[in-house]
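No value in this document is a laboratory result; all are computed from the given coordinates. What you see is a predicted model; the values in this text were computed from it and never measured. Neighbour counts are summed over all protein chains in view; Cβ atoms, including those assigned to glycine, are modelled from backbone coordinates with ideal geometry.
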Amino acid sequence: MSRTVYLNGEYLPESEAKVSIFDRGFLFADGVYEVTSVLGGKLLDFDGHATRLARSLNELEMTNPITKEDLLEVHRELVRRNGIDDGLIYLQITRGAADRDFAYPVEGTPATIVLFTQAKTGLADNPLAKTGIKVIGIEDLRWGRRDIKTVQLLYPSMGKMMAKAAGVHDAWMIEDGHITEGTSNNAYIVTDGKIVTRHLGHEILHGITRAAVLRFARESQMEVEERAFTVDEVKAADEAFITSASMFVMPVVEFDGIAIGTGAVGPVATRLREIYIEESRNSAV
Ligand code: PDD
């Protein structure tokens, strides 16, 4: 079955949705994106994603082509039209089409806005949550504004391929001996009951799942420390995990071939995953 997608105000069969070869997203990776998860036909943390989208656009001096209310309606309509129960909604906004020039096009050039769905049956029952995932460490070679959610994802793609070649699930990126984040997720360790994750700044994406998970952790009286942590700390940690809109909370049981803690999924990651999924379902819109 062909999906219905959204392009610049229209709902179209995916085969009919066409974007110009001059689109700056295509030529310059001049665009931003969001991935919002859907559980039981409802959107998780829509507000957080819409707010981060507005921030990304603002940081790049791009005009937001859609109001939050209209964006919510487009998300819901795509869920309806595609019969999504569990899955993801991908949204991308680029600076639009213009003759190739490094300078931004003249004001008033219409942005390109695209949304499509990905059905993921059993998104919240990922069997990997029972075994945990393995990661390797790789150098973080991305640009200096990782807090802006741009579509320049070549290095994260390369990182996933390096992980695949090493026979593991993902890679954590390292800068000056400290972990920044995973290729498409935020990274955490747990040591002596304390949850440690990198502080916000230009070096990492400000994960929407991260914000929710840290809030739930604090509400559950767990200790949280937001600071950079080293590779040695990962190897000596009791537990590790990642968070993202598509993985929720996912335990990490091995780093560079070394078992983390007992090498099995730990209680903190397990508990946070349960809380996150339950609370997110309850507040889904
Ligand atoms: N990735 N860090 C990076 C580099 C990411 O690409 C992502 C999300 C995150 C987690 O952010 P959030 O909790 O808001 O999903 C952190 C999405 C899921 C993706 O590219 O598919």
*Looking at region 202-285, which trypsin sites (Lys or Arg not before Pro) are in a loop (DSSP not H, G, I, E or B) and have at most 12 other Cβ atoms within 10 Å?*
Arg227
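When you have a sec, figure out the Kirkwood radius of the chain from all distinct Cα pair distances and drop it here in Å to one decimal?
19.8
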*asked:* Positive end of the dipole of region 101-241, charges at C-beta (+1 Lys, Arg; -1 Asp, Glu), about the Cα centre: which of Ser184, Phe216, Ala129 has its Cα farthest in that direction?
replied: Ala129
_Sequence of Met173, Met158 once ranked by neighbouring C-beta atoms within 10 Å, starting from the fewest_ = Met158, Met173
*Using a simple spin-label model with points 7 Å from Cα along the Cα→Cβ vector, what separation in nm is obtained for Thr131 and Ser220?*
2.4
*Fewest to most neighbouring Cβ within 10 Å: what's the order for Asp192, Asp70?*
Asp192, Asp70
_How large is the convex hull of the C-alpha atoms of region 128-283 per residue, in Å³?_
103
*Pair Ala211, Glu107: separation of 7 Å Cα→Cβ label points (nm)*: 2.9
*Neighbour-count order for Ser283, Ser157, fewest beta carbons within 10 angstrom listed first*: Ser157, Ser283
*Going through region 145-194, which trypsin sites (Lys or Arg not before Pro) have at most 15 other Cβ atoms within 10 Å and a DSSP loop state?*
Arg145
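Averaging the inverse of every distinct alpha carbon separation and then flipping it gives the Kirkwood radius. What is it for region 1-150, in angstrom units?
Kirkwood radius, region 1-150: 16.9 Å.
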*Given Lys42/Lys68; Lys42/Lys164; Lys18/Lys164; Lys42/Lys235, which pairs have Cα atoms separated by over 28 Å?*
Lys42/Lys164; Lys18/Lys164; Lys42/Lys235
_Length released on extending from Glu10 to Met158, taking residue separation times 0.36 nm less the Cα-Cα span_ = 49.9 nm
*asked:* Can you return the lysines within cross-link range of Lys160? Criterion is Cα-Cα under 16 Å, with same-chain partners fewer than 8 residues away left out.
replied: Lys134
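Assuming R0 = 30 Å, can you tell me the calculated FRET efficiency for the pair Arg281 and Arg227, based on Cβ-Cβ distance, to the nearest 0.05?
Once the sixth-power term is evaluated, E becomes 0.45.
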*Mean ellipticity per residue at 222 nm, deg cm²/dmol - from DSSP H runs of n ≥ 4 across the chain, formula -39500 (n - 2.57)*: -9000 deg cm²/dmol
_Which residues among region 27-41 fall inside the zone where the amide N is under 13 Å from a point 7 Å beyond the Cα of Arg100, along Cα→Cβ?_
27-29
